[in-house]
Amino acid sequence: MKRLLAMVLVGMMALPVAAAELGDDGLHKAPWMRDTFKDLTEDLDEANAEGKRLM
């Protein structure tokens, strides 16, 4: 029973990795991460236009 539970848990932990999106460089990309030019006023305007907040 412990072995079955361990196999199920390992399988469930592997699901998010399988669903992650790979970039051109082979690294996983988070959908919430943005590449910016460190211009906070422009980033704030973009976030406001999308109904989001800048953190």
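Laboratory data are not the source of any read-out in this text; all were calculated from the coordinates shown. Owing to the predicted nature of the structure, the values given are computational and were not obtained by experimental measurement. Backbone-built Cβ (ideal geometry, glycine too); neighbour counts: all protein chains shown.
Okay, here's what the table says:
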{"read-out": "Kirkwood Rh and Cα Rg combined as Rg over Rh, evaluated for the chain", "value": "1.27"}
{"read-out": "Within the chain, helix-based [θ] at 222 nm, where runs of 4 or more DSSP H residues each add -39,500 (n - 2.57), nearest 500", "value": "-16500 deg cm²/dmol"}
{"read-out": "Gain upon complete extension [THR36, MET55; 0.36 nm per residue less C-alpha separation]", "value": "5.5 nm"}
{"read-out": "Cβ-based net charge around LYS29, under 12 Å, with every Lys or Arg adding one and every Asp or Glu removing one", "value": "-3"}
{"read-out": "Net charge of Cβ neighbours under 13 Å - reference ASP43; Lys, Arg +1; Asp, Glu -1", "value": "-2"}
